[in-house]
Amino acid sequence: MIGLAPICFLQHLKPSVASVIAATPVIDKVLQGFKKEELLSDNSLLRQLFQVLCTQKEIDYQKCGHGFSFALRGSDPDELEPEFLPELVAHYPTSTSRKNGVHFSQVALTEKFAQFDYGPLKNVAIYNAISPPNYDLGLVKMKIALLLGNNDGVLSIEDTEVLRYKLPNVVDYHILPYKKLNQLDFVWGRNMDKYLFPHIL
């Protein structure tokens, strides 16, 4: 298995991600209040706002990117050129479940890669324990390659090192040499045939 920009531990958060994590309880209550289980659905106001603003010629590429994307993912205008922005906003940001967002926040706040925390009473019913159990990464036996970049807005090299040493069969751990490489570049970077594909193949 090849993990591109793998995230399991969130102990060294960048400020922009820490802000989102801190706001998660409020976001969760708002979504529950509106009986919404999907975050950033295709028809959500935030997603539509992102798509409208970032396809206007008057809106600068950097303003759009830094306002909505680069702060969380990392900026790299050489790989993700302004002409590609309409294509990007047609597919990004993608939706996720409310529960997944809360779980991501739990992993960051507890500094544990554990199953979902339903609260003590429900945890006892589900896990037979007050706290959710940690995922046992020692049980992952397949060969794994972990590939990451230096300019990622979400993951940190330190957290990926933790993952590296908890997995028993990491056969390749590689920080790609291109210094601006971020999460979006792995999917949409225009020069990945130079930086990424040769390493995978």
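Okay, helix-only estimate at 222 nm for the chain: each DSSP H run of n ≥ 4 adds -39500 (n - 2.57), divide by all residues, round to 500 deg cm²/dmol; what do you get?
-12500 deg cm²/dmol
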Worksheet item: For the range 171-181, in order, what is each residue's ³J(HN,Hα) by Karplus, 6.51 cos²θ - 1.76 cosθ + 1.60 with θ = phi - 60°, in whole Hz (x at glycine and Pro)?
Response: 9, 8, 10, 9, 8, 4, x, 5, 5, 9, 4
Discussion item. Test of the criteria: in the range 111-201, which GluC sites (Glu not before Pro) are in a DSSP loop and have at most 14 other Cβ atoms within 10 angstrom of their Cβ?
Written reply: Glu111
Item to complete: Give the distance, in whole Å, between the Cα centre of the range 156-201 and the Cα centre of the range 85-114.
Response: 20 Å
Discussion item. 7 Å from Cα along Cα→Cβ at both Ile157 and Lys122: what's the point-to-point distance in nm?
Written reply: 4.0 nm
Fill in: Helical segments meeting 24 Å axial Cα length and Kyte-Doolittle -0.5 threshold in the chain (DSSP H)
15-33
Worksheet item: Can you list residues whose amide H is under 5 Å from Tyr173's amide H, if they're 5+ apart or on another chain and H is modeled 1.01 Å from N?
Response: Leu146
Fill in: In Hz, Karplus ³J(HN,Hα) per residue of the range 83-90 (6.51, -1.76, 1.60; θ = phi - 60°; x = Gly, Pro)
5, 8, 4, x, 5, 4, 5, 6
Response to the item:
Quick calc, His91 & Leu201: beta-carbon distance into FRET formula, R0 35 Å, rounding 0.05, result 0.90
Worksheet item: Net charge near Ser95, counting Lys/Arg +1 and Asp/Glu -1 over other residues with Cβ under 14 Å of its Cβ?
Response: +1
Worksheet, complete the sentence: Phi angles of the range 132-142, converted by Karplus (6.51 cos²θ - 1.76 cosθ + 1.60, θ = phi - 60°) into ³J(HN,Hα) in whole Hz with x for Gly and Pro, give x, x, 5, 6, 8, 5, x, 7, 7, 9, 5
Discussion item. Once you keep just the Cα pairs under 8 angstrom separated by 6 or more residues, what percentage relative contact order results for the range 2-200?
Written reply: 32 percent
Worksheet entry | Pairwise label distance in nanometres, Asp28 with Asn169, each label 7 Å out on the Cα-Cβ vector | 3.4 nm
Worksheet item: Residues in the range 13-36 near a label at Lys99, defined as backbone nitrogen under 18 Å from the 7 Å Cα→Cβ point?
Response: 25, 28-36
Worksheet item: For q = 0.13, 0.19 Å⁻¹, what log10 I(q)/I(0) does the chain give under the Debye formula with an equal point scatterer on each alpha carbon and no solvent?
Response: -0.84, -1.44
Worksheet item: Between Ile2 and Lys141, what is the label-to-label distance in nm when each label sits 7 Å out along the Cα-to-Cβ direction?
Response: 2.5 nm
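All of the numbers you see were taken from the coordinates with simple rules; none came from a lab. These numbers were taken from a predicted model, which means no experiment stands behind them. Quick reminder, even Gly has a Cβ in these numbers, built from the backbone with ideal geometry, and neighbours come from all protein chains shown.
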